[in-house]
Amino acid sequence: MNPSRSGVAYGFGAYAIWGLFPLYIKLLDHVGAAQILAHRIVWSLFIVLALLLIGRNLRRLRTLGRRAYGLLALAAALICVNWGVYIWAVNSDQIVETSLGYFINPLVTVLLGVLVFGERLRRLQWLAMGLAAVAVVILTVDYGRLPWIALALAFSFATYGLVKKKADVDAVASLGVETAVLFLPALAYLLVLQADGSAAFVDAGWGDSLLLIGCGIVTATPLLLFGAAAVRIPLTTLGTLQYLTPTLQFLLGVLVYGETVPPVRWVGFALIWLALAILTVEALHRRNSRLREARMEAAAAARVASGS
């Protein structure tokens with residue numbers, strides 16, 4: 001399999017696992033969200049440390065500077081919020097709203113580019129952002145509240161991505177630092193639960209115990225697949241594949257778990273999808289324009305060189 005095809009396969013696998021993750025969490029819906037989150041942190045650290053040892057990359061952690069560690073500590077706090085809200089929402093039968101959060105995420109990333117890096121929005125990007133704003137207003141009216149779950153997921157994950165980009169540390173080492181930062185509070189929480197007899201681990205049966213341990217595996221696996229995809233295919237291709245995750249979440253919420261989507265809410269989602277389509281088309285058009293310009297410059301340089 002050539003690198004491009006394998007990259008698409010790896011990317012598809014990563015986003016499919018993230019999209020189907022509610023199926024896994026639902027198996028533990030009798031366990032509190034905070035307890036699932038704590039186990040996800042604890043077992044993820046063990047899995048990541050094992051991967052670093054196998055790949056002989058543990059030394060990489062010693063070479064990180066204070067700035068990288070500080071940024072990754074901030075990233076740890078952001079991903080903790082993201083995971084916690086997501087798990088709670090899934091177990092509260094609000095999977096459709098979680099999908100909305102990850103549909104909105106690319107739009108929030110563009111917004112952060114404007115606010116943090118001072119980037120200027122192009123005409124089609126303004127149109128996409130305007131449609132998204134209208135959609136949020138419609139959904140707020142329909143829900144009778146701000147769609148805070150979706151907004152919390154979108155902003156926490158987009159900011160997490162921004163911080164990770166600034167840290168510039170590979171996925172496995174980064175997750176190792178992030179889970180290490182969160183490990184002691186998570187472990188302390190689980191030990192307290194174990195002491196007062198309210199822990200699900202072991203006491204609730206080996207089935208639940210294995211599922212809780214498995215949280216580490218289902219956290220690390222898609223990250224590894226994503227990392228493998230990122231080095232094989234263009235970011236535009238990877239960016240297009242990302243819509244697989246919220247699409248699968250949306251379908252699970254509606255078709256598998258029977259969550260209702262009133263007509264007005266469909267309008268809000270439709271506007272978000274239209275905004276994403278505009279954003280994607282604009283990005284692809286801009287990328288193709290840059291490639292054409294690069295080819296023209298290369299051709300011109302070749303003509304000059306041959307003429308000399």
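A few points about this structure:
- Scanning region 166-178 for residues that are in a helix (DSSP H, G or I) and more than 16 Å from N82 (Cβ to Cβ) yields K166, A167, V172, A173, G176, V177.
- For T221, the test of being without any contact (Cβ under 8 Å) to a residue 60 or more places away in the chain and among the β-branched types (V, I, T) is failed.
- Tallying residues that are under 19 Å from Y86 (Cβ atoms) and either free of Cβ contacts under 8 Å to residues at least 40 places away in the same chain or not hydroxyl-bearing (S, T, Y) (or both) within region 103-132 yields 6.
- Consider region 152-176 and keep the residues that are aliphatic (A, V, I, L, M) and closer than 12 Å to P106 by Cα. The one that is surrounded by the most Cβ atoms within 10 Å (Cβ to Cβ) is L153.
- Filtered residues of region 248-277 (kept if over 17 Å from G19 (Cβ atoms) and surrounded by fewer than 16 Cβ atoms within 10 Å (Cβ to Cβ)): G258, T260, V261, P262, P263, V264, W266, V267, A270, L274, A277
- Selection status of L211, at pLDDT 85 or above, within 21 Å of W18 (Cα to Cα) and in contact with a Leu (Cβ under 7 Å, 6 or more places away or on another chain): yes
- Close pairs from region 133-147: first touching a residue at least 40 places away in the same chain (Cβ under 8 Å) and under 13 Å from P262 (Cα atoms), partner part of a loop (DSSP other than H, G, I, E, B) and not hydroxyl-bearing (S, T, Y), Cβ under 9 Å, at least 6 apart: L139/L146; L139/P147; D142/P262
- Checking A77 against (1) within 28 Å of A186 (Cβ to Cβ); (2) buried (at least 18 other Cβ atoms within 10 Å of the Cβ), the condition it does not meet: (2)
- Selected residue (only one of T236, T221, T179, T245 is modelled with pLDDT of 85 or more, surrounded by fewer than 21 Cβ atoms within 10 Å (Cβ to Cβ) and under 21 Å from the mean Cα position of the chain (by Cα)): T221
- Hits in region 140-151 (condition: surrounded by 22 or more Cβ atoms within 10 Å (Cβ to Cβ) and either at pLDDT below 90 or not in a helix (DSSP H, G or I) (or both)): P147
Residue by residue, here is whether (1) within 21 Å of K165 (Cβ to Cβ); (2) surrounded by fewer than 16 Cβ atoms within 10 Å (Cβ to Cβ) holds:
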position	(1), (2)
L100	no, no
I104	yes, no
L111	yes, no
V116	yes, yes
M129	yes, no
I138	no, no
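- Residue identified as touching a residue at least 24 places away in the same chain (Cβ under 8 Å) and crowded, with 20+ Cβ neighbours inside 10 Å among L187, L212: L212
- Between R60, R40, R66, the distinction of being without any contact (Cβ under 8 Å) to a residue 24 or more places away in the chain, under 22 Å from V181 (Cα atoms) and out of contact with any strand residue (DSSP E or B) (no Cβ under 6 Å at 6 or more places or on another chain) belongs to R66 only.
- Taken together, L28, L45 contain a single residue that is surrounded by 22 or more Cβ atoms within 10 Å (Cβ to Cβ) and outside any helix (DSSP H, G or I), which is L28.
The values are calculated or read from the model by the stated rules, or taken from the named source; none is laboratory data. What you are looking at is a predicted structure, and each value in this text was computed from that prediction instead of being measured. Every residue, glycine among them, receives a Cβ derived from its backbone with ideal geometry; neighbour counts consider all protein chains shown.
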